[in-house]
1. Label Lys120 and Glu373 with points 7 Å out from Cα along Cα→Cβ: what is the distance between them in nm?
2. Count charges around His46 for me, please; just the other residues with Cβ under 15 Å from its Cβ, Lys/Arg as +1, Asp/Glu as -1.
3. Which trypsin sites (Lys or Arg not before Pro) from the stretch 190-299 combine a DSSP loop assignment with at most 10 other Cβ atoms within 10 Å?
4. Scan the chain and report its longest stretch carrying no chymotrypsin sites (Phe, Trp or Tyr not before Pro) that are both in a DSSP loop and have at most 15 other Cβ atoms within 10 Å.
5. With springs connecting C-alpha atoms under 10 Å apart, model the chain as a Gaussian network and identify which of Glu177, Glu345, Glu169 has the largest mean-square fluctuation.
6. Please compute the modelled spin-label separation between Glu326 and His48, points set 7 Å along Cα→Cβ, answer in nm with one decimal.
7. So what is the 222 nm mean residue ellipticity for the chain from helices alone, if each DSSP H run of at least 4 adds -39500 (n - 2.57) and you divide by all residues, rounding to the nearest 500 deg cm²/dmol?
8. Please identify which residues in the stretch 309-325 have an amide N closer than 20 Å to a label point set 7 Å out from the Cα of Glu302, following the Cα→Cβ vector.
Amino acid sequence: MKLFDVYPLNDITIVKAKGSYVWDSNGNQYLDLYGGHAVISIGHTHPHYVERVSEQLRKVAFYSNSIINPLQQELAEKLGKLSGKEDYQLFLCNSGAEANENALKMASFVNGRKKIIAFKKSFHGRTSLAVAATDNPAIVAPVNQTPNIIFLPFNDEASLEACFKAQGEEISSVIIEGIQGVGGINVASESFLQKIRQLCTQYGAVFIADSVQCGYGRTGKFFSHDYAGVNADIYSMAKGMGNGFPIGGIIIAPHIKPKYSMLGTTFGGNHLACAAALAVLEVMEQENLMQNAAETGNYLIEGLKKFPQLQNVRGRGLMIGFDVPEALKDLRKNLLWKHRIFTGEAKPNVIRLLPSLALQQKDADLFLEALGEEIAALTMQQATL
Ligand SMILES: Cc1ncc(COP(=O)(O)O)c(C=O)c1O
């Protein structure tokens, strides 16, 4: 059988990983500033993580949601403590798309409405409503198309107000990433998030903070939306939550009341996933990783801003993006193949950095040095053309 060929692949086989580094089958070492797409939060193969998951595997890996699983309660408490949202309620699932799917559905259950406001350049996942609320027609199948999604310009308070004024009674929810990831590292302004809060409260709509990529401590606060000083009604999470173990979830404000079988999943919240997620939070707490993300992130941002060739250096903590001019279009490729540094991208010309929250300053220095060398080499090459 062949694999269904949907991913353009780099010809690299990773066989070993530790902290912010991975190794390929030829023994080459790479600095990982991509984190497998913002997933590696506490660093690869962290000893506490390996131990906690292995120990759980030896006890019980899975049983369904028909029995009491104390690890779920333990996770809810720890998550409440670290996120500061102690009065919220946790529902566990398996991925970011599923988290958003549940959030959007939950909102509609709450207010009985159908319309969803999403924003230009948003990405919320590939399942039915999540993909419909994603601003990329190329990945929306005809069966997923719905007139219920309204796309508005990002950070545009006037158009948001006008939309609520015109059809506020029909709006079920507003979904927004605190920092758009796939869209190219676009930071939602504090006043825009505050405006969403105000309008959702005024019109009885549900504010959904998609924190799948920008959340879980990556920006230096637990949720990047927290920078605005307002609470959303639902936060969706995944990626960094399990440091590679598939787990997602939503946390739901106390005013939203549960009902039996309103939501459900077979695998969500299984023992092994909870052990992985608990290990992540324990390491984040013990090693002060949110603070490290803020500090190392600032250090990187400041370092990047010193290169006049890189445009619009932006982001928060360890979610960073910058525009690469046409003359340096091979920069990302060369960082990987010449300097063995993994970075992320956003089409057409953004390099995205999404490393582990445990990234050290010395690793940031290694990257900045390689970047400097490569910018100089490419600039020289251009000059001789
Ligand atoms: C902001 C955001 N939401 C949702 C998702 C979907 O998550 P998953 O791929 O786990 O379904 C992603 C994935 O990149 C994302 O960046």
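No value in this document is a laboratory result; all are computed from the given coordinates. Treat the numbers as computed from the prediction; the structure is a model and nothing was measured. Note that we place each Cβ from the backbone using ideal geometry, even for glycine, and neighbour counts take in every protein chain shown.
1. 4.0 nm
2. Around His46, the charge tally is -3.
3. Loop-located and lightly packed - Lys259.
4. Formally, the longest exposed-site-free interval is 64-259.
5. Glu169
6. 5.0 nm
7. -11500 deg cm²/dmol
8. 309-322
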